[in-house]
Amino acid sequence: MLIDSHCHLAYPGLVEDEAGVLARARQAGVGGFVNISTRRDEWERVIAAAERHADVFASVGIHPHEADAHTDVGTAALVAAAAHPRVVGIGETGLDYHYDRSDRQRQQASFRAHCAAARATGLPLIVHSRDAEDDTIAILEDELGQGSFPVLFHCFAGTQGLAARALALGAFISLSGIVTFRNARALQEVARTLPEDRLMVETDAPFLAPVPVRGRTCEPAHVAHTARFLAELRGTAPEALAAAATHNTRRLFSKMQA
């Protein structure tokens, strides 16, 4: 069994056929879904999906692209929303300096508010980092110095150096369909070296469909392609890779067990 540790079931391309999307994933061997929010107005929808399906769980967070539009969402709002029994993570949050769709200082303030919420709740922080490696690590180091909380770098596409720095902080690293792309040689080298006990898989659906379905709308079922690719890349049996990734996901998102 696999768990899609990061998908957006409320996004166009998936939300129109929620039942079909989940049925196809289950048929492909996916037995769990972490449904991620990126805006305040998504929180109720991702939680409602988790209430409808026993194998779907939710996160609450504000994507760095949305930081300018959510200056009123701070730690208190995140902590309150995270009290729902189906909410298992805080985020996604982080820094994105590639597009700069929100002011960088505002992104950093929002990121810190999420760190504080993760620290207060004990729930894992789901981190998005693009072209912002140094600031991402610096903020995490500072915030973790004020009290520990679990950390997940989602849809990892960074350098070997970032992976090492993330692992040094105790973070988990989740790989998406990007790792299957022909031009992802550097990421594939990183993926070969990740410790088995920190490795997770995801789709980031409806984005980033892996080979051999690249170019289509990505669905949680496609996480099976990424897992098989990783197993071959790392020279391990697909069943062993799936078992390890699933164990790690349940260990990180410990509220799933409740």
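The values are calculated or read from the model by the stated rules, or taken from the named source; none is laboratory data. Quick caveat, the model's predicted, so the values are computed rather than measured. As a convention, Cβ positions derive from the backbone with ideal geometry for all residues, glycine included, and neighbour counts pool all protein chains shown.
Report yes if Ala58 is in contact with a His (Cβ under 8 Å, 6 or more places away or on another chain) and closer than 18 Å to Pro150 by Cβ, otherwise no. Yes.
Please verify whether Ala205 is hydrophobic (A, V, I, L, M, F, W, C), more than 22 Å from Val151 (Cα to Cα), in contact (Cβ under 8 Å) with a residue 40 or more places away in the chain and surrounded by 15 or more Cβ atoms within 10 Å (Cβ to Cβ), treating the condition exactly as stated. So Ala205 fails the test. Entry remark, segment 62-100: residues being free of Cβ contacts under 8 Å to residues at least 40 places away in the same chain and more than 10 Å from His114 (Cβ to Cβ) number 18 in total.
Every residue, every condition in (1) touching a strand residue (DSSP E or B) at 6+ places or on another chain (Cβ under 7 Å); (2) buried (at least 20 other Cβ atoms within 10 Å of the Cβ); (3) of a type outside the set (Gly, Ala, Ser), yes or no:
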| residue | (1), (2), (3) |
| --- | --- |
| Leu2 | yes, yes, yes |
| Gln27 | no, no, yes |
| Asp41 | no, no, yes |
| Val56 | yes, yes, yes |
| Ala67 | no, yes, no |
| Thr75 | no, no, yes |
| Val87 | yes, yes, yes |
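Identify, from the list Arg39, Arg52, Arg45, the residue that is modelled with pLDDT of 95 or more and in contact with an Asp or Glu (Cβ under 7 Å, 6 or more places away or on another chain). So that I can check it myself, show each step before the final result.
Numbers: Arg52 fails: in contact with an Asp or Glu (Cβ under 7 Å, 6 or more places away or on another chain); Arg45 fails: in contact with an Asp or Glu (Cβ under 7 Å, 6 or more places away or on another chain).
Going through Arg39, Arg52, Arg45 in turn, just one is modelled with pLDDT of 95 or more and in contact with an Asp or Glu (Cβ under 7 Å, 6 or more places away or on another chain): Arg39.
Find the strands (runs of 3 or more DSSP E) located wholly in segment 1-114 whose residues include 1 or more that are acidic (Asp, Glu), within 17 Å of the chain's Cα centre (by Cα) and closer than 28 Å to Thr246 by Cβ, and list them.
Values: elements: 2-7, 30-35, 56-60, 87-96.
Strands (runs of 3 or more DSSP E) meeting the threshold: 2-7, 87-96.
Of the residues making up segment 115-149, those that are assigned to a helix (DSSP H, G or I) and either aliphatic (A, V, I, L, M) or modelled with pLDDT under 95 (or both) are Ala116, Ala117, Ala118, Ala120, Ile137, Ala138, Ile139, Leu140, Leu144. Just a yes or no: is a residue in segment 209-232 within 20 Å of Glu92 (Cβ to Cβ), in contact (Cβ under 8 Å) with a residue 12 or more places away in the chain, buried (at least 23 other Cβ atoms within 10 Å of the Cβ) and small (Gly, Ala, Ser)? Checking segment 209-232: not a single residue is within 20 Å of Glu92 (Cβ to Cβ), in contact (Cβ under 8 Å) with a residue 12 or more places away in the chain, buried (at least 23 other Cβ atoms within 10 Å of the Cβ) and small (Gly, Ala, Ser). Just one of (1) touching a His at 6+ places or on another chain (Cβ under 6 Å); (2) under 23 Å from Leu252 (Cβ atoms) fails for Gly89. It is (1).
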